[in-house]
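The values are calculated or read from the model by the stated rules, or taken from the named source; none is laboratory data. Because the structure is a prediction, the values reported are computed rather than measured. Note: ideal-geometry Cβ built from the backbone for every residue, glycine included; neighbour counts use all protein chains shown. These accessible areas exclude ligands, DNA and RNA; they are computed on the full protein's heavy atoms, side chains included. Shrake-Rupley method; radii C 1.70, N 1.55, O 1.52, S 1.80 Å.
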Amino acid sequence: MPDPAPLPATEAQERILHDLAPLPEVWTALDEALGFGLTSDVLATRTQPPWDNSAMDGYALRSADAVRAPVSLRVVGVVHAGDQPTREVGPGEAIRIMTGAPMPPGADAVIMQERTRALPGEGLGVVELQETVRVRQNVRDAGEDARAGEVLLSAGTVLGIPELALLAGQGLASVRVPRRPRVAIVSTGDELCRPDEEPGGRIVDTNSVALALGVRRAGGTPYVLGIARDRIEDVEALIRQALEYDVVLTSAGASVGEHDHVRPALERLGVAVDFWRVAIRPGKPLAFGRHGRTRVFALPGNPTSSLVTFELFVRPALLRLVGRRAPLPPPVQARSGVDLKKNNQLAHYIRVVLSWQGGEPWADPLPTQTSGAVRSAVSATHLLHFPMDAMSVRRGDPVQLLPVGWGP
Ligand code: AMP
Ligand code: MG
């Protein structure tokens, strides 16, 4: 049976994601949960901040005393952040107050210091207001961050830095999120050696280094299982071990060369292969399949092809496993810095640098676009999407860019 036509990238992404659910939830320390999606609602147990407080350094007063200006009020106290004010502000009185300090009883507004003039007088003296003050002016509400009993963050919320700070404000040390995906990485090829070996005519297996970093950044734990030699028995044995993990990433040996044993090995091992080729460049020989709960990606060997296919297909899958409901990054638009041409029905993903020029975003391709060298990804900020059925793009045309997750 002839091979089916390569799948469009969006269809490949849909097939990968459609039945992929987050992994089982576990209690996870806050500082391990960055980038994960909450599996259940988090309720606030504390009202935070617990009291109305001042947004400014200035004077707390009764707004009824400040409907006209200028007007002078007697200063009867000082309240710093960390103090618990007890002295009430009576009619004709003001209390000097610092940012974040609780509002004293009786006061309903704060005038900022820069709109006042301190005048000498008995005790703490007198303050002259230079403008009128509205009720609640410069007062921050109690519970601006959280009100006890409310849903603070709902299930599905992706935990960024402010979200985690909010949870820490509740005294929480851990949170319910999916466990980390365990990702096995298998390299194949007689020409490869480990990074810590003397090459002696071989090349270093850089794909497993790059893939392991990508896995970690996407919330997974990488397990580099090693290099299989170009014999089907070797490839099969290493992939068999890898099938114990949540996700398997193999690189190289996935096209139709004589030593490309990944596909037959997957078949022998009973991996149900969903598709073998995707209509993209770089990265056309990309396979995806399932074995029980394990998802298997056979990535191309060329270093940049494996990076690009990781971005387009593996990263979204890992993000879904860690609870991200929308794991595909929204594209951004820019103008192409060059003319582009092609004569095939593949979507090209061109490594570009996005920059701001003349008040507009521009995308400039890196000088080398070879997929055989990892250097062709160095300093790329985005992938320019040159669509399947477009054959040319003119300099200045609007193009869609995908941010890459491999940058600094
Ligand atoms: P293959 O798919 O086996 O034909 O490999 C395609 C190209 O990628 C060849 O030039 C390989 O030497 C190179 N390559 C394969 N695996 C790796 C790897 N793990 N790290 C770096 N380069 C690799
Ligand atoms: Mg090979």
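May I ask you to verify whether Ser371 is closer than 15 Å to Tyr349 by Cα and open to solvent by 20 Å² or more (accessible area, probe 1.4 Å)?
Values: closer than 15 Å to Tyr349 by Cα: yes; open to solvent by 20 Å² or more (accessible area, probe 1.4 Å): yes.
When the stated conditions are applied, Ser371 passes them.
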Which residue pairs have Cβ atoms closer than 9 Å, lie 6 or more positions apart in sequence or on different chains, and pair a first residue in region 290-301 that is free of Cβ contacts under 8 Å to residues at least 40 places away in the same chain and more than 16 Å from ligand 2 (Cβ to nearest atom) with a second residue that is assigned to a strand (DSSP E or B) and open to solvent by 10 Å² or more (accessible area, probe 1.4 Å)?
Arg290/Ala272; Arg290/Val273; Arg290/Asp274
Residue match in region 247-257 (condition: away from ligand 2 (no atom under 16 Å from the Cβ) and on the phi < 0 side of the Ramachandran plot):
yes
Flag if Leu269 is farther than 29 Å from Arg351 by Cβ and either more than 16 Å from ligand 1 (Cβ to nearest atom) or open to solvent by less than 30 Å² (accessible area, probe 1.4 Å) (or both)
yes
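Go over the candidates Ala228, Ala237 one by one and state the one that is over 30 Å from Val26 (Cβ atoms), small (Gly, Ala, Ser) and within 15 Å of ligand 2 (Cβ to nearest atom).
The unique qualifying residue is Ala228.
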Which of the residues spanning region 232-265 are open to solvent by 50 Å² or more (accessible area, probe 1.4 Å), at pLDDT below 95 and not in a helix (DSSP H, G or I)?
Ser255, Val256, Glu258, His259
Please verify whether region 269-277 includes one or more residues that are within 16 Å of ligand 2 (Cβ to nearest atom) and either assigned to a strand (DSSP E or B) or touching a residue at least 40 places away in the same chain (Cβ under 8 Å) (or both).
no
Is it the case that Ala380 is in a strand (DSSP E or B) and of a type in the set (Gly, Ala, Ser)?
no
Looking at the structure I just gave you, is Pro329 farther than 21 Å from Leu7 by Cβ and either away from ligand 1 (no atom under 16 Å from the Cβ) or open to solvent by 10 Å² or more (accessible area, probe 1.4 Å) (or both)?
no
Considering only residues that are within 30 Å of Arg62 (Cα to Cα) and loosely packed, with under 14 Cβ neighbours inside 10 Å, which ones fall in region 142-178?
Glu144
Restricting region 179-191 to residues that are open to solvent by 40 Å² or more (accessible area, probe 1.4 Å) and away from ligand 2 (no atom under 12 Å from the Cβ), the one nearest to Arg229 (Cα to Cα) turns out to be Arg182
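Can Arg134 be described as open to solvent by 70 Å² or more (accessible area, probe 1.4 Å) and either within 30 Å of Val262 (Cα to Cα) or in a strand (DSSP E or B) (or both)?
Details: open to solvent by 70 Å² or more (accessible area, probe 1.4 Å): yes; either within 30 Å of Val262 (Cα to Cα) or in a strand (DSSP E or B) (or both): no.
No: the conditions fail for Arg134.
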Please determine whether any residue of region 196-216 is open to solvent by less than 40 Å² (accessible area, probe 1.4 Å), over 30 Å from the mean Cα position of the chain (by Cα), within 16 Å of ligand 2 (Cβ to nearest atom) and at pLDDT 95 or above.
no
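Can you tell me which residues in region 193-234 are under 16 Å from Gly405 (Cα atoms) and more than 12 Å from ligand 1 (Cβ to nearest atom)?
Residues satisfying the conditions are Leu213, Gly214, Val215, Arg216, Arg217, Ala218, Gly219, Gly220.
Taking region 58-102 as the search range and keeping residues that are part of a strand (DSSP E or B) and open to solvent by 70 Å² or more (accessible area, probe 1.4 Å), which one is farthest from Gln48 (Cα to Cα)?
The residue in question is Arg74.
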